[in-house]
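Visitor: Have a look at this one.
The values are calculated or read from the model by the stated rules, or taken from the named source; none is laboratory data. Note that the coordinates shown come from a computational prediction; the quantities given were computed from them, not determined experimentally. Every residue, glycine among them, receives a Cβ derived from its backbone with ideal geometry; neighbour counts consider all protein chains shown. Protein only, heavy atoms only, side chains kept; ligands, DNA and RNA dropped before computing areas. Shrake-Rupley method; radii C 1.70, N 1.55, O 1.52, S 1.80 Å.
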Amino acid sequence: MLSLDTPIQFVKGIGPGIAKTVAEKNVLCVEDLLYHLPFRYEDRLHPTPVEALKAGEMASVIGEVRGTVLLRTRSIPIFEMTIGQNLSTLKAMWFHGAFLKDRFKPGQMVALYGKVEPSRSSRSFKMIQPQFEILPDDHDDEQSRLLEVGRITPVYESLGGSRFASRWIRRTIYDLLEDLRGNVSETLPAALLARLQLPSREEALRQVHFPQAGTPMTHLQAWSTPAHRRLIFEELFYLELGLELKRKKFKERAGITFETNERVRLALRQVLPFHPTPAQKRALGEIVGDMRRLGPMRRLLQGDVGSGKTIVALQAMLVAIENGYQAALMAPTEILATQHYLSIRKLLERAAIPEGNLPYHVSLLTGSLEEDRKRAVRGKIFRGETDLVIGTHALIEEKVEFAKLGLVVVDEQHRFGVLQRFRLMKKPTDAEPDVLVMTATPIPRTLALSLYGDLDLSVLDELPPGRTPILTRQTTDERAPEVWDFVRKQVAKGHQAYVVYPVIEGAKDDQPELDFPEDGPKGDEAKSKPAAKPAKKTVKAQSLFGEKPAPKLKPRSAPDLKSAVEMYELLSNSSLAGLRLGLLHGRLSADEKEVTMRRFQRGEIDVLVATTVIEVGVDVPNATVMVIEHAERFGLAQLHQLRGRVGRGAAKSYCILMTGSTRSGAKVSAQGEERLAAMVRTQNGFELAELDLQQRGPGEFFGTRQAGLPDFRVANLLRDRALLELAKEEASQFVRCADNEATPEEKSRVWARLKEAWQRRYGLVEAG
Ligand code: ADP
Ligand code: MG
């Protein structure tokens with residue numbers, strides 16, 4: 001008897017061979033195949049007449065093959081096909097299409113899907129490289145006709161070459177659904193489905209694969225039919241249910257009850273260098289509220305670049321320290337850790353210590369410190385001689401043992417990935433320390449709560465007073481002299497500047513410049529091609545064969561990738577000669593970094609030439625210019641963070657995005673242009689994050705892919721936010737048992753399914 005967990009190889013018509021092929025697409029059992037949903041639909045009941053096509057639109061067209069020809073042009077073979085509907089015709093062409101030569105025969109019916117392009121002859125159209133499907137002819141059996149034409153037809157991503165494409169999938173799924181009729185187990189309580197007006201699981205699966213005639217095409221394409229919503233909801237409901245349970249279980253563990261008496265409050269006031277914004281006050285209130293409770297705190301503090309998260313964290317850490325505990329602050333880069341160390345020590349030293357209190361002991365622990373210094377710091381932490389440890393992930397990795405750890409703050413969490421966060425939280429201590437995670441990534445609230453479903457959320461939704469908007473401009477190398485001139489003028493006014501490059505040194509080492517290279521330059525832009533060297537040998541060989549001496553090869557105009565080290569030299573000796581330049585990148589030793597940071601903070605360096613090591617957190621309010629070269633190579637989140645290094649004081653600040661020379665022929669990709677245009681247009685981190693999320697997709701954006709969280713089967717966090725919120729509400733209600741909607745039997749089925757689902761899909765999180 002077939003069921004949803006039947007391994008795919010036991011399905012009629014599928015043996016071990018095919019099973020092996022589709023296993024590569026993660027289709028292992030019947031259920032997997034049924035959840036391989038169509039990525040689009042074609043209305044083959046009402047196909048578009050050729051006369052109704054409009055240039056520029058995507059369309060699906062059905063017609064009869066009238067003729068084909070393989071054109072051997074000088075460069076590439078082009079396969080051209082004419083299809084006809086009565087008197088109208090449409091041309092389709094495929095470049096490198098020789099392989100199609102024997103696929104089509106005149107008289108065959110075919111379905112094409114592609115972009116409609118105007119053709120040279122005025123009133124006709126063509127499609128270039130359309131997707132195609134050969135439709136069954138009259139001799140074929142009843143069933144294929146039922147599935148392929150005269151209905152809304154599902155189109156699938158292939159499960160392995162053209163053999164396991166749409167037609168095969170349609171037929172297999174159709175047969176499966178017939179065999180399973182009445183036997184698809186339900187995973188959600190009936191009353192819940194009725195209340196949300198969602199169909200049963202079986203009905204939903206049937207409808208997403210073979211929609212009823214009359215189902216609006218727009219709803220189908222947007223995955224918003226009740227059937228789609230049901231399957232998406234189901235997936236999100238189980239995600240949320242798991243998170244809800246984790247959160248509940250966690251809250252029941254014993255944490256620390258911190259006190260906030262007058263002495264603690266006085267200590268907090270002592271270190272504050274300015275009046276906190278109302279948002280900072282509110283966030284601190286929420287954090288301290290958690291800290292006073294017995295249950296351990298797990299809170300996310302979200303605030304755009306420059307919103308002032310550090311001081312809130314410092315106050316929370318002081319609460320812990322004044323209660324006799326140690327606090328740890330973890331930063332994603334050594335530079336940021338070092339800066340936190342320098343500025344926090346300054347604040348704490350300056351504060352007059354309230355009577356009866358001891359001075360604070362602050363230590364820095366980063367990976368590149370020398371071994372014996374690390375050992376010394378670890379010893380101090382272990383013996384409780386350090387109140388506040390500031391460090392990088394070395395804190396997790398170097399087996400640091402705390403005497404009495406009370407609070408962990410993780411700064412700029414988007415770089416850590418989910419996994420590292422969980423590992424940190426697992427540190428064995430007697431009482432569970434409180435954890436505060438900070439991020440500048442403006443994750444929409446629902447997403448934040450769902451992805452970090454075990455965290456509470458505080459938001460800094462305003463900037464400290466007196467900030468002026470940053471003026472952002474995009475330009476090319478041709479105007480570099482003006483740019484450097486502008487930098488000189490700003491320095492003459494007493495300000496400082498950053499100049500940022502994508503790599504440390506030369507094209508040969510295209511090292512991602514982050515301690516956590518999670519969202520470095522992406523895709524086609526990630527690799528710098530080494531500048532083409534004149535190929536001497538080839539030149540000689542050519543002339544040896546008596547040909548005309550080859551012209552001396554000019555260094556190719558391929559974009560030379562400028563690097564921080566080289567440009568530091570070049571600028572020091574040319575455009576910025578006479579100014580005090582500094583160089584900062586990830587390969588310097590901890591000491592060198594610290595010295596340079598300190599000098600830049602003190603204003604002893606005018607222009608800091610750097611890589612993205614300064615991307616997060618660096619805070620020098622006197623810096624007013626951010627020049628980013630090869631700006632098209634950076635991701636949006638990075639650009640936004642980099643720009644956030646200026647505009648932190650009262651003076652007007654500027655961000656200049658440079659994209660190489662127009663003459664070099666270096667082309668910026670369409671996505672790159674979109675990113676730069678967005679940067680020029682807005683400073684709103686939320687808006688930029690939306691675009692970033694769209695460009696990179698949720699997996700990359702949240703770093704869940706790197707962290708091992710699998711992608712969803714049907715849900716899409718960007719598209720399905722509303723359903724996510726609904727799923728969260730329903731899941732938390734289900735856990736609280738607020739109402740008795742589900743029968744005991746349904747409940748136990750839900751728990752069983754959850755266990756199975758989390759094991760299978762989120763196993764890693766559970767283990768973490
Ligand atoms: P981020 O949220 O990006 O980590 P920081 O904590 O580094 O921001 O703060 C940015 C800058 O704003 C720092 O120079 C900090 O001293 C300053 N700042 C923070 N809060 C206030 C405030 N309430 N009033 C004035 N300046 C503030
Ligand atoms: Mg910060």
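Visitor: Pick from the range 660-673 the residues that are under 20 Å from the mean Cα position of the chain (by Cα) and surrounded by 15 or more Cβ atoms within 10 Å (Cβ to Cβ): which of them is modelled with the highest pLDDT?
Guide: The first filter runs over the range 660-673 and keeps only residues under 20 Å from the mean Cα position of the chain (by Cα), leaving 669-673.
Still in the list and also surrounded by 15 or more Cβ atoms within 10 Å (Cβ to Cβ): 671-672.
Values: Q671: 85, G672: 89.
Within the range 660-673, the match that is modelled with the highest pLDDT is G672.
Visitor: Right, another one. With the requirement that a residue be within 16 Å of ligand 2 (Cβ to nearest atom) and under 16 Å from I656 (Cβ atoms), what does the range 627-640 give you?
Guide: Listed by number, the residues that qualify are Q638, H640.
Visitor: Would a scan of the range 648-664 turn up a residue that is assigned to a loop (DSSP other than H, G, I, E, B), within 16 Å of ligand 2 (Cβ to nearest atom), farther than 22 Å from D477 by Cβ and not β-branched (V, I, T)? Working first, answer last.
Guide: Of the range 648-664, the ones assigned to a loop (DSSP other than H, G, I, E, B) are 648-653, 659-664.
From what is left, the residues that are within 16 Å of ligand 2 (Cβ to nearest atom) are 648-649.
Then drop every residue that is not farther than 22 Å from D477 by Cβ, which leaves 648-649.
Those left that are additionally not β-branched (V, I, T): 648-649.
Yes, because at least one residue in the range 648-664 is assigned to a loop (DSSP other than H, G, I, E, B), within 16 Å of ligand 2 (Cβ to nearest atom), farther than 22 Å from D477 by Cβ and not β-branched (V, I, T).
Visitor: Test of understanding: among L272, L266, L300, which residue is more than 9 Å from ligand 1 (Cβ to nearest atom), surrounded by fewer than 20 Cβ atoms within 10 Å (Cβ to Cβ) and modelled with pLDDT under 95?
Guide: L266
Visitor: So, one more: So A752 passes all but one of these: (1) open to solvent by 20 Å² or more (accessible area, probe 1.4 Å); (2) at pLDDT below 85; (3) not β-branched (V, I, T). Which condition number does it fail?
Guide: (2)
Visitor: Name the single residue, out of those in the range 1-60 being among the basic types (K, R) and either within 17 Å of R171 (Cβ to Cβ) or touching a residue at least 12 places away in the same chain (Cβ under 8 Å) (or both), that is most open to solvent (accessible area, probe 1.4 Å).
Guide: Kept after step one, since they are among the basic types (K, R), are these residues of the range 1-60: 12, 20, 25, 40, 44, 54.
Imposing the further condition that a residue be either within 17 Å of R171 (Cβ to Cβ) or touching a residue at least 12 places away in the same chain (Cβ under 8 Å) (or both) reduces the set to 12, 25, 40, 44, 54.
Details: K12: 166, K25: 97, R40: 17, R44: 13, K54: 118 Å².
Checked the range 1-60; the qualifying residue most open to solvent (accessible area, probe 1.4 Å) is K12.
Visitor: List, please: which pairs have Cβ atoms under 7 Å, are six or more places apart or on different chains, and start with a residue in the range 297-316 that is touching a residue at least 12 places away in the same chain (Cβ under 8 Å) and more than 20 Å from T260 (Cα to Cα) and end with one that is of a type in the set (F, W, Y) and more than 6 Å from ligand 1 (Cβ to nearest atom)?
Guide: What qualifies is L300/Y452.
Visitor: Have a look at R167, R171, R151 and point out the one that is surrounded by 15 or more Cβ atoms within 10 Å (Cβ to Cβ) and in contact with a Lys or Arg (Cβ under 9 Å, 6 or more places away or on another chain). If you could, list the steps in order and put the result at the bottom.
Guide: Numbers: R167 fails: in contact with a Lys or Arg (Cβ under 9 Å, 6 or more places away or on another chain); R171 fails: in contact with a Lys or Arg (Cβ under 9 Å, 6 or more places away or on another chain).
So the residue among R167, R171, R151 that is surrounded by 15 or more Cβ atoms within 10 Å (Cβ to Cβ) and in contact with a Lys or Arg (Cβ under 9 Å, 6 or more places away or on another chain) is R151.
Visitor: Filter the helices (runs of 4 or more DSSP H) completely within the range 238-326 down to those with at least 3 residues that are within 33 Å of the chain's Cα centre (by Cα) and more than 15 Å from ligand 2 (Cβ to nearest atom). Break it down into steps so the answer makes sense when it comes.
Guide: Numbers: elements: 262-271, 278-292, 309-322.
Output list reads 278-292.
Visitor: I would also like to ask the following. Being of a type in the set (S, T, Y), open to solvent by 20 Å² or more (accessible area, probe 1.4 Å), free of Cβ contacts under 8 Å to residues at least 40 places away in the same chain and part of a helix (DSSP H, G or I), is that true of even one residue in the range 572-586? Break it down stepwise before answering.
Guide: Here is the first cut: in the range 572-586, the ones of a type in the set (S, T, Y) are 572, 574-575.
Narrowing further to those that are open to solvent by 20 Å² or more (accessible area, probe 1.4 Å): 572, 574-575.
Then keep just the ones that are free of Cβ contacts under 8 Å to residues at least 40 places away in the same chain; that gives 572, 574.
Okay, now just the ones that are also part of a helix (DSSP H, G or I), so 572.
Yes, the range 572-586 contains at least one residue that is of a type in the set (S, T, Y), open to solvent by 20 Å² or more (accessible area, probe 1.4 Å), free of Cβ contacts under 8 Å to residues at least 40 places away in the same chain and part of a helix (DSSP H, G or I).
Visitor: Within the range 226-236, is there a residue that is touching a residue at least 12 places away in the same chain (Cβ under 8 Å), open to solvent by 40 Å² or more (accessible area, probe 1.4 Å) and not hydroxyl-bearing (S, T, Y)?
Guide: yes
Visitor: State which residue pairs qualify: first residue among the hydrophobic types (A, V, I, L, M, F, W, C) and inside the range 262-291, second residue part of a helix (DSSP H, G or I) and within 16 Å of ligand 2 (Cβ to nearest atom) in any location, beta carbons under 6 Å apart, and separation of 6 or more residues or different chains.
Guide: L268/Q315; V271/L347; A283/V312; L284/V312; L284/Q315; I287/A316
Visitor: Condition first: more than 16 Å from ligand 1 (Cβ to nearest atom), buried (at least 21 other Cβ atoms within 10 Å of the Cβ) and among the charged types (D, E, K, R). Now tell me which residues in the range 379-413 satisfy that.
Guide: D387
Visitor: How many residues, within the range 344-359, are open to solvent by less than 40 Å² (accessible area, probe 1.4 Å) and modelled with pLDDT under 90?
Guide: Here is the first cut: in the range 344-359, the ones open to solvent by less than 40 Å² (accessible area, probe 1.4 Å) are 344, 347-348, 351, 354, 357.
Okay, now just the ones that are also modelled with pLDDT under 90, so 347-348, 351, 354, 357.
Qualifying residue count, the range 344-359: 5.
Visitor: Can you tell me which residue within the range 591-621, out of those that are away from ligand 2 (no atom under 16 Å from the Cβ), more than 19 Å from L369 (Cα to Cα) and assigned to a helix (DSSP H, G or I), is least open to solvent (accessible area, probe 1.4 Å)? Working first, answer last.
Guide: Let us first name the residues in the range 591-621 that are away from ligand 2 (no atom under 16 Å from the Cβ), namely 591-596, 598-600, 602-611.
Now restrict to residues that are more than 19 Å from L369 (Cα to Cα): 599-600, 602-611.
From the residues that got through so far, the ones that are assigned to a helix (DSSP H, G or I) too are 599-600.
Details: R599: 94, F600: 0 Å².
Step by step, filter the range 591-621, then rank; the result is F600.
Visitor: Now, a different point. Is there a residue being more than 16 Å from ligand 2 (Cβ to nearest atom), touching a residue at least 24 places away in the same chain (Cβ under 8 Å) and either touching a Leu at 6+ places or on another chain (Cβ under 6 Å) or more than 25 Å from P276 (Cβ to Cβ) (or both) anywhere in the range 333-341?
Guide: No, there is no match, as no residue in the range 333-341 is more than 16 Å from ligand 2 (Cβ to nearest atom), touching a residue at least 24 places away in the same chain (Cβ under 8 Å) and either touching a Leu at 6+ places or on another chain (Cβ under 6 Å) or more than 25 Å from P276 (Cβ to Cβ) (or both).
Visitor: Kindly provide the set of residues from the range 325-339 that are more than 14 Å from ligand 1 (Cβ to nearest atom) and in contact with a Phe, Trp or Tyr (Cβ under 7 Å, 6 or more places away or on another chain), ordered by number.
Guide: Q326
Visitor: Among the residues of the range 160-217, which ones are over 28 Å from E745 (Cβ atoms) and charged (D, E, K, R)? Spell out how you get there, then give the answer.
Guide: Taking the range 160-217 first, the residues over 28 Å from E745 (Cβ atoms) are 160-175, 209-217.
If the condition is that a residue be over 28 Å from E745 (Cβ atoms) and charged (D, E, K, R), then R163, R167, R170, R171, D175 are the ones that fit.
Visitor: Of the residues G67, G97, G63, which is open to solvent by less than 10 Å² (accessible area, probe 1.4 Å) and at pLDDT 90 or above? Give the steps one after another, and end with the answer.
Guide: Working: G67 fails: open to solvent by less than 10 Å² (accessible area, probe 1.4 Å); G97 fails: at pLDDT 90 or above.
When all the criteria are applied, what remains is G63.
Visitor: Within the range 717-725, can one find any residue that is at pLDDT 70 or above, assigned to a loop (DSSP other than H, G, I, E, B) and among the basic types (K, R)?
Guide: If we filter the range 717-725 for residues that are at pLDDT 70 or above, which is where we start, we get 717, 719-725.
Remaining after also requiring assigned to a loop (DSSP other than H, G, I, E, B): 717, 719-720.
Among the residues that remain, those that are also among the basic types (K, R) are: 719.
Yes, that holds for at least one residue.
Visitor: Among the numbered criteria (1) buried (at least 16 other Cβ atoms within 10 Å of the Cβ); (2) among the hydroxyl-bearing types (S, T, Y); (3) in a loop (DSSP other than H, G, I, E, B), which single criterion is violated by S75?
Guide: All conditions pass for S75, except number (1).
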